[in-house]
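Asker: Before I ask anything, let me first share the structure, which is written out below as structure tokens.
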Amino acid sequence: MTSRKPIEEKKRLSSPEREKQIVLAAVEFFAEVGFSGDTRQLARRLGVTQSLIYKHFPNKEALIDRVYEEVYVGRWDPFWEAVIQDRSIPLEQRLVSHYIAYAKAALTRDWVRIFMFSGLRGESINKKYLDMLRARILEPIAIELRQELGLQDVKTLPLKTAEIELVWSINARIFYFGQRRWIFDVPIEDDVQEMIQLTIAHFMAGARELLPKILSNQILSCSRL
């Protein structure tokens with residue numbers, strides 16, 4: 001008599017494992033359909049009940065918060081901040097190194113599409129991420145730019161909004177590469193690293209011309225008060 005092999009039971013996930021599975025599926029789901037997609041659809045994709053999702057997340061907003069933590073906080077690389085402040089390297093070279101590393105995370109499908117859907121839907125992801133980006137990347141770049149060009153430090157003259165906007169232009173350009181690929185479905189024909197190098201060279205050339213004028217105007221404005 002031939003013995004039968006026992007049917008292999010599906011592995012029962014621990015609570016942390018199940019929660020992680022839901023989060024990763026939610027990242028892919030929201031990147032595809034946006035935040036109008038409901039948790040019933042997500043549950044069907046996972047092959048679980050909607051109540052199981054709510055066992056781990058009290059509501060959809062809590063799940064979206066975890067998606068933010070997974071995609072934007074979890075992929076944040078300390079190197080991005082460290083290289084910006086390494087004054088043993090010329091600033092242009094630091095910025096190229098930073099943005100090449102940053103692009104590996106920021107030009108991915110889920111990063112770009114979730115960010116766009118969040119902005120369109122008015123979710124909090126955009127504000128939380130942009131606040132973090134400004135404090136940890138944009139303002140430090142603006143400070144290092146002054147130092148590189150031999151201009152007043154921020155203790156003497158606080159950063160001006162126009163300086164931050166100047167630095168924003170780099171991120172806007174880099175993010176556009178991702179929009180072309182993942183929103184407009186327009187292939188990027190050139191090498192991304194070369195385009196980043198050109199973007200930074202263009203930024204530095206413009207900053208050398210504009211930043212002294214921006215600070216000069218600020219000094220004149222303060223002296224008239």
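The values are calculated or read from the model by the stated rules, or taken from the named source; none is laboratory data. Predicted, not measured: the structure shown is a model, and the values here were computed from it. As a convention, Cβ positions derive from the backbone with ideal geometry for all residues, glycine included, and neighbour counts pool all protein chains shown.
Asker: Going residue by residue through the range 168-179, is there one that turns out to be assigned to a loop (DSSP other than H, G, I, E, B), within 21 Å of the chain's Cα centre (by Cα), over 23 Å from P90 (Cα atoms) and at pLDDT 95 or above? Write out each step before concluding.
Answerer: The initial filter retains those residues of the range 168-179 that are assigned to a loop (DSSP other than H, G, I, E, B), namely none.
Among the residues of the range 168-179, not one is assigned to a loop (DSSP other than H, G, I, E, B), within 21 Å of the chain's Cα centre (by Cα), over 23 Å from P90 (Cα atoms) and at pLDDT 95 or above, which makes the answer no.
Asker: For Q50, only one of the following conditions fails: (1) at pLDDT 95 or above; (2) within 24 Å of the chain's Cα centre (by Cα); (3) under 25 Å from R121 (Cα atoms); (4) surrounded by fewer than 16 Cβ atoms within 10 Å (Cβ to Cβ). What is its number?
Answerer: Only one criterion is unmet by Q50, namely (2).
Asker: Take Q41 and decide whether it is assigned to a helix (DSSP H, G or I) and either closer than 30 Å to K213 by Cα or assigned by TED's automatic domain parsing to the domain that holds I196 (or both).
Answerer: On the way: assigned to a helix (DSSP H, G or I): yes; either closer than 30 Å to K213 by Cα or assigned by TED's automatic domain parsing to the domain that holds I196 (or both): no.
Judged against the criteria, Q41 is not a match.
Asker: Can you name the residue in the range 133-164 that is free of Cβ contacts under 8 Å to residues at least 12 places away in the same chain and part of a helix (DSSP H, G or I) and is also nearest to E69 (Cα to Cα) among such residues?
Answerer: By that ranking, first place goes to A135.
Asker: Do any helices (runs of 4 or more DSSP H) entirely within the range 59-108 hold 1 or more residues that are among the hydrophobic types (A, V, I, L, M, F, W, C), surrounded by fewer than 17 Cβ atoms within 10 Å (Cβ to Cβ) and not assigned by TED's automatic domain parsing to the domain that holds E123, and if so, which? Give the steps one after another, and end with the answer.
Answerer: Values: elements: 60-68, 78-84, 91-106.
In the range 59-108, the matching helices (runs of 4 or more DSSP H) lie at 60-68.
Asker: Now for a different question. Looking at the structure I just gave you, is Q193 in contact (Cβ under 8 Å) with a residue 12 or more places away in the chain, more than 25 Å from E69 (Cα to Cα) and under 22 Å from the mean Cα position of the chain (by Cα)?
Answerer: Working: in contact (Cβ under 8 Å) with a residue 12 or more places away in the chain: yes; more than 25 Å from E69 (Cα to Cα): yes; under 22 Å from the mean Cα position of the chain (by Cα): yes.
Yes, satisfied.
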